[in-house]
Amino acid sequence: MNERVAIVGVGWAGFRPATPELSYKELMYDAAVRAYTDAGVNPRRDVESFVTVAEDFHEGVSIFDEYVPDQLGAALKSMQTICGDGLHGLATAYMLVRTGQFDIVAVEGHSKASNLLTKDEVTAYAQDPVLNRPLRFNTHFVAGMEMNRYLYETGTTRAQCAAVVVKNRFNALANPSAAYGADLALEDVLSGPMLSTPLGRREVADHADGAITMVLASEQAAQHLTDIPIWIEGVGWCNDSPSLESRPWGQALYTTQAAQMAYRQARINNPLQVIDFAEVDDIYAYKELQTLEALGFFRPGEAGELTADGFTTPAGELPVNVSGGSLGWGHLFEATGLARALEVVLQLRGEAGVRQLEDVEVGLVQSWRGIPTTSGAVAILSN
Amino acid sequence: MTLLKRNPKAPQAWQGNLPVTSRYTFGLGGERFFRAIKDEGKILGTHCPKCERTYVPGTIFCERCLGKLDEWVDVGTTGNVHTFTLLYENYDGSPREEPEIIAFVSFGDGGIVHRLGEVDAEEVEIGMEVEIVFKPQSEREGSILDIAHFRPII
C-alpha cells in the first residue's frame, strides 16, 4: 500500500465562455499534455491508470467514457469514467494510488458548456421525473428555495450574499485564466434582475469551457518527479437524500459529512486554525456562505457578516476563492472541483502569480454538483 | 441568435439532437400515493415507528433505518410553507414577465413542491398556512398535476 499520495503535475486549458475553435477532445488533450509536461512523465509509458469525470447529457453522447482514452494517452490502459464532480475523480485517483496497484495516475475533468445548446432542459432532466419535473419549473427554483430557507434560518442577508459576488469577481481580475473578472459595487449586484427570489441573476455563475488534468503519484514516485509535491492529506465525499421532499432546505449536511471524513484523515480538529485558505462552491453566491458554515469554519449565520467585513478576502484571515471561484472563473460543469483544486495546488506551490498568498501550507477544496443535487466532496492539500 | 451563429466566419460545427422518451413506473409506494390523490383527494404518508418519522410522499422504505414501511397515514391537506420562491425563468431558460410562485409545503416530516395560487406574491411568507386545491375528480389522472396548486387558508 502507498501511504501518501501527492499531486505532481497540473495542466489546464480554456477557461473561457466559449472555445469555438477547439473540439472537446482537443481541449482535453491540451490540458493533459500540459499536466504530463509539468509532472515530467510520459503518459504512454509512465501513467498507469486514468480517471475522468463526465455526465453523458452534458457531453451530448451516450457512454461518454468510450470517447476518453485517446486524447489522454489512455488507450489500451486501465481507465474509468465516473459520474461525479472533479473532486470525486480526485478522490478516486487518490484511492487508486493508495491501493499500491498504481504509482502514477492521471485524473481529468472538462467542460464544453458552450456546446450544450439546451442547458436548462438538460438540468431540468435531473429533476425527479414523477414528483417534480411534470411541473415544468426551471431548475434554478431549487436554488431560490434553498437560499430563501438558508437566509431565514441563519439571518443572513441578500447584501451579504452579494458581497460574495463582489469579492470573487474582483479576485478574478488577478487571475489571468478567469473569464468573468469585474470590479463591481454591492449595488450593481443587488440592482440586477431577479432569477428566483431571493436569488438575483448576478449571484449565479455563468458557464465556461475548460479542461484540467492532474497527475497523482505515490510518495516514492513523487520524490523522483518533483521538488514540490502537493500532498493529499484527506478526501471525503457525501450525498444526502436527494429528494426535494426529504432534504433539509437550509443546510448543506452533505458538505459537513464530507468535510468530517476529510478532517479525520488529515487529523484536523479545528479547521479555522489549521487551514490557511479555501476554494469552495460559489455557483450561487449564497452557497459560499452556507458552505463555509457547513465546513465548520464558522457557526451558522456568521459567514455572511464575516464576508461583508472582509474576513475572506485575499488579505483576510481566511482567504476564500482567491481564484475568483465559479463566479469569476465560470461554471465548468464536472471540472469545477478540479478547477478549485488547481488553484490550491498553484497557491501551495507558490506559482499563483500576482494573487499568490503568503506563507500558505494547508488549503481546503470543496465542491458541489449543482442543482438539484445534494452531493459534495472535500479535499485537504498541503505542501 | 448567438454572436457565434451570426458570424459567417465562425468555425464549423455539426448540430445534433436526440428524442428522449422514458417511462417512469411509480412503484408500489408511488402507486398508492397517487391513487389516494386521484380517487380520494388525500395525501398519504408512511410512518416509520422505529425512527418516528413520517415520509410524505409515502415510500415503502425508511431511508434512515432502511426498514420496510407499511403503516400508511392520511396527513391531511393543510400544511405550512417551509420555503418558497418567485421564479422568473421558464423551463427552457427564457425569461418570464410574471413569476411562478413555488412553495415547498411541509406534511409530516416531508412535504410537497407545487405552485402557490390565489395569492399576491408580496403576501407569501415562510410559515404561512396553506391548503391543497385538487383538480376536479373527473380531471385527475393520478399524477402530481392532479394538485392544481396550494392556496392560503384565510
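How large is the convex hull of the C-alpha atoms of region B:1-76 per residue, in Å³?
Values: hull volume 16.0 nm³, N = 76.
Normalising the Cα hull of region B:1-76 by residue number yields 210 Å³.
I'd like the GluC sites (Glu not before Pro) in region B:1-104 restricted to DSSP loop residues with at most 10 other Cβ atoms within 10 Å, sorted by number.
Details: sites: B:Glu31, B:Glu40, B:Glu52, B:Glu63, B:Glu71, B:Glu89, B:Glu97, B:Glu100; in loops: B:Glu52, B:Glu63.
Those satisfying the criteria are B:Glu52.
Under the √(5λ) rule applied to the eigenvalues of the Cα gyration tensor, what semi-axes describe the equivalent ellipsoid of region A:34-127? Give them in Å, descending.
Over the Cα atoms of region A:34-127, the semi-axes work out to 27, 14, 11 Å.
Once the Cα atoms of helix A:140-154 and of chain A are each reduced to a long axis, what angle between those two axes, in degrees from 0 to 90 to the nearest 10, is obtained?
With rounding to tens, the tilt is 70 degrees.
Let me check against my output: what whole-number percent is the relative contact order of chain B, with C-alpha pairs under 8 Å and at least 6 apart?
The normalised contact order for chain B reaches 19 percent.
Using Cα centres only, tell me the gap between region A:227-260 and region B:36-72 in whole Å.
Using only Cα atoms to place each centre, the spacing works out to 28 Å.
Output the peptides B:125-135, B:74-84, B:8-18 sorted from most to least packed, where packing is the average of other Cβ atoms within 10 Å over each peptide's residues. Display every interim value, and only then the final one.
On the way: B:125-135: 16.0, B:74-84: 19.0, B:8-18: 7.5.
The peptides rank, most packed first, as B:74-84, B:125-135, B:8-18.
How high is the FRET efficiency from B:Asn90 to A:Glu21, r the C-beta distance, R0 30 Å, rounded to 0.05?
Here the calculated transfer efficiency is 0.40.
Is it possible to state the helix-based mean residue ellipticity at 222 nm for the protein assembly as shown, with each DSSP H run of 4+ residues giving -39500 (n - 2.57), the sum divided by total residues, to the nearest 500 deg cm²/dmol? What is it?
Computed ellipticity for the protein assembly as shown at 222 nm equals -8000 deg cm²/dmol.
Principal axis lengths of region B:26-152 from Cα atoms, whole Å, largest first?
The Cα atoms of region B:26-152 stretch 46, 32, 28 Å along the principal axes, largest first.
Counting only protein heavy atoms and rolling a 1.4 Å probe, how much accessible area do B and A lose on contact, total for both sides, in Å² to 100?
Working: alone 11100 and 15360 Å², together 23080 Å².
Interface area, both chains combined: 3400 Å², rounded to the nearest 100.
Work through the residues other than A:Tyr254 whose Cβ is under 13 Å from its Cβ and net out their charges, Lys, Arg +1 and Asp, Glu -1.
Net local charge, A:Tyr254 excluded: -1.
Under a straight-distance cross-link criterion of Cα-Cα below 16 Å, which aspartates and glutamates are reachable from B:Lys38, leaving out those fewer than 8 residues away in the same chain?
Candidates past the 8-residue exclusion: B:Asp74, B:Glu139, B:Glu141, B:Asp146.
For chain A, set up a Gaussian network in which alpha carbons nearer than 10 Å are linked by springs, and say which option among A:Glu108, A:Glu288, A:Glu26 fluctuates the most.
Of A:Glu108, A:Glu288, A:Glu26, the most mobile in the Gaussian network model is A:Glu26.
Using alpha carbon centroids, what distance separates region A:6-69 and region A:134-207, in Å?
30 Å
Select from region B:71-102 all residues whose loss of accessible area on going from the chain by itself to the full protein assembly reaches 20 Å² or more (probe 1.4 Å).
With the partner chains in place, region B:71-102 has these residues losing at least 20 Å²: B:His82, B:Thr83, B:Phe84, B:Thr85, B:Leu86, B:Leu87, B:Tyr88, B:Glu89, B:Tyr91, B:Asp92, B:Ile102.
How much accessible area per residue does region B:26-152 have, in Å², with a 1.4 Å probe?
49 Å²
Would you tell me the mean number of C-beta atoms belonging to other protein chains that fall within 10 Å of each C-beta in A:124-131, as a whole number?
4
Which whole-Hz ³J(HN,Hα) couplings does region B:88-96 yield from phi under the Karplus relation 6.51 cos²θ - 1.76 cosθ + 1.60, θ = phi - 60°, glycine and proline marked x?
9, 10, 7, 3, 8, x, 6, x, 10
Can you pull a Stokes-Einstein diffusion coefficient for the protein assembly as shown at 37 °C (0.692 mPa s), Rh from Kirkwood over Cα pairs, as a whole number of µm²/s? Mind dumping the intermediate values first?
On the way: Rh = 24.2 Å.
Stokes-Einstein gives a translational diffusion coefficient of 136 µm²/s.
Which loop trypsin sites (Lys or Arg not before Pro) in region A:183-281, with loop taken from DSSP, have no more than 16 other Cβ atoms within 10 angstrom of their Cβ?
A:Arg267
Of all the accessible heavy-atom surface of region B:26-152, with the other protein chains kept in place and a 1.4 Å probe, what percent is carbon and sulfur?
Taking all protein chains in place, region B:26-152 shows 44 percent carbon and sulfur surface.
Counting Lys and Arg as +1 and Asp and Glu as -1, what is the net charge of the other residues whose Cβ lies under 11 Å from the Cβ of B:Tyr55?
-2
What part of the accessible area of chain A, given as a whole %, is carbon or sulfur when the probe is 1.4 angstrom?
50 percent
Considering only protein heavy atoms, what per residue accessible area in square angstrom results for chain A with a 1.4 angstrom probe?
36 Å²
Measure up A:Lys167/A:Lys287; A:Lys119/B:Lys135; A:Lys119/B:Lys68; A:Lys119/A:Lys287; A:Lys77/A:Lys119; A:Lys112/B:Lys9 against 26 Å on the Cα-Cα distance and list the ones that go over. Present the calculation step by step, with values, prior to reporting the outcome.
Values: A:Lys167/A:Lys287 14 Å; A:Lys119/B:Lys135 32 Å; A:Lys119/B:Lys68 38 Å; A:Lys119/A:Lys287 21 Å; A:Lys77/A:Lys119 33 Å; A:Lys112/B:Lys9 20 Å.
Beyond 26 Å: A:Lys119/B:Lys135; A:Lys119/B:Lys68; A:Lys77/A:Lys119.
To the nearest 0.05, what FRET efficiency results for B:Glu139 and A:Arg264 with a Förster distance of 35 Å applied to their C-beta separation?
On the way: r = 55 Å, r/R0 = 1.56.
Calculated value: 0.05.
Which net charge results for the neighbourhood of B:Pro95, defined as the other residues with beta-carbon distances under 14 angstrom from its beta-carbon, given Lys and Arg at +1 and Asp and Glu at -1?
-4
Can you compute 3J(HN,Hα) from phi for each residue in region B:12-28, using the Karplus curve 6.51 cos²θ - 1.76 cosθ + 1.60 with θ = phi - 60°, rounded to whole Hz and x for Gly and Pro?
The phi angles translate into 5, 8, 9, 10, x, 8, 8, x, 10, 10, 10, 9, 10, 5, 5, x, 5 Hz.
Scan region A:1-47 for trypsin sites (Lys or Arg not before Pro) in coil per DSSP, keeping those whose Cβ has at most 11 other Cβ atoms within 10 Å, and list them by number.
Those that pass, being in a loop and sparsely packed, are A:Arg45.
Check each residue of region B:23-64 and keep those whose accessible area, probe 1.4 Å, is at least 50 Å² smaller with all protein chains in place than in the chain alone; give them in order of residue number.
For region B:23-64, once contacts with the other chains are taken into account, B:Tyr24, B:Glu63 lose 50 Å² or more.
The values are calculated or read from the model by the stated rules, or taken from the named source; none is laboratory data. In this text the structure is predicted, and so the values were computed from the model without any measurement. Backbone-built Cβ (ideal geometry, glycine too); neighbour counts: all protein chains shown. Only protein heavy atoms, including side chains, enter the accessible area calculation; ligands, DNA and RNA are left aside. Shrake-Rupley method; radii C 1.70, N 1.55, O 1.52, S 1.80 Å.
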